[in-house]
Amino acid sequence: MPWQKRGDDMSPRTGRPVKGNSKRDKSLQLRMSKEELEILDFCAEKLEISRTDVVNKGILLVKKELDKKE
């Protein structure tokens, strides 16, 4: 029987699935007040999405408003 390395018969780790058309490989750290964090958490809970998704929705809303002004 040939020698097998440990883990040869295991599938590779795949991680979390990619959302949308592009992978999220960039990271952003930010500071906010307690009140801002409470608002972020409130929005995430009401929309049943992650904090990251709330921030991304906000970015898209700002972009949409800027596009209207052009």
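Values as computed for the structure displayed
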{"read-out": "Pick from segment 39-70, criterion over 20 Å from residue 27 (Cβ atoms) and assigned to a loop (DSSP other than H, G, I, E, B), ranking: least open to solvent (accessible area, probe 1.4 Å)", "value": "48"}
{"read-out": "Residue in segment 15-23 that is modelled with pLDDT of 70 or more, more than 14 Å from the chain's Cα centre (by Cα) and either surrounded by 10 or more Cβ atoms within 10 Å (Cβ to Cβ) or of a type outside the set (A, V, I, L, M) (or both) present", "value": "no"}
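The values are calculated or read from the model by the stated rules, or taken from the named source; none is laboratory data. From a predicted model like this one, the values you see are computed outputs, not experimental measurements. Here the Cβ is made from the backbone with ideal geometry for all residues, glycine too, and neighbour counts use every protein chain on show. We work out accessible area using only protein heavy atoms, side chains counted, and drop any ligands, DNA or RNA first. Shrake-Rupley method; radii C 1.70, N 1.55, O 1.52, S 1.80 Å.
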